[in-house]
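To keep things clear, I will list the structure first and then write my remarks on it.
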């Protein structure tokens, strides 16, 4: 039995162990947001449903901070965190995407996302099955990604593959853009909105994007974790740059910043080569 599981078993015998730990309560709030998102999306409250995924992301950040502040996580907390992430960033974004793109009618499913002219005259099955496939790929790849992460001891200070929360936030932000949620009028925002809606407005392109991001989640691409090694600049350069650039993009574009931040994040391994590693 691994040492951390032995320690956990010993701690469980303590009387206070029956009380939930504060980080686990935050993780539970993450899970609650994910479940509420699915329920609201099923009722057509898609904007609120997507907003709850962002709320889940905040709880996901704070539960990690709280666990480290209290001396580290537990095996129970690690499993609970992955299960919550599966619901909040795997199932909830997939369901929101599906409910945004399609709506049931007496003639079957009807395509609703800003359809380009080429899609308007397409047969219904050409519009519907790629959306079904995209939602399934999103959820299944998230599950595999989290299962791999739980077993991979190499991902303690960074990630191998696109993290599930980042992928989930990308999809809900694109969904919000499709729902015409107001974005900040930053430079070139009209072109960015048009590009985002064009991606979401073609079922086959949508499926291709889902497959590409699923492949990135299951890849060995090294990506930084937003965990500071210490309080200084050296060794944390990429994290400071990501946070700084991300904050500027959010101020400029609002919700439209999320896809841009994802692109910058995926390119961050190239930045790391600009800074010498510290020992």
Gain on full stretching of the segment that runs from residue 263 to residue 144 - 0.36 nm per residue minus C-alpha separation = 40.6 nm
Contour excess over end-to-end distance, with Cα ends at residue 218 and residue 251 and 0.36 nm allotted per residue | 8.7 nm
Pair residue 153, residue 195: separation of 7 Å Cα→Cβ label points (nm) | 4.3
Sorted peptide list for 209-222, 80-93, 239-252, 46-59, criterion being average Cβ within 10 angstrom, highest first = 80-93, 46-59, 209-222, 239-252
Residues residue 204 and residue 225, FRET efficiency given R0 of 25 Å [Cβ-Cβ distance, rounded to 0.05] | 0.15
Once the piece of chain linking residue 22 and residue 132 is laid out straight, how much longer is it, given 0.36 nm per residue of separation minus the C-alpha distance between them?
-> 35.8 nm
Label point distance in nm, residue 45-residue 68, each placed 7 Å from Cα along Cα→Cβ | 3.4
Assertion target for 99, 174, 207, ordered by fewest C-beta neighbours within 10 angstrom first, is 207, 99, 174
Debye log10 I(q)/I(0) at q = 0.23 Å⁻¹ for the range 139-223, Cα point scatterers | -1.06
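No lab work stands behind these numbers, since they all come straight from the coordinates. Please read these numbers as outputs of a predicted model, since none were measured by experiment. No Cβ is skipped: glycine too gets one built from the backbone with ideal geometry, and neighbour counts run over all protein chains shown.
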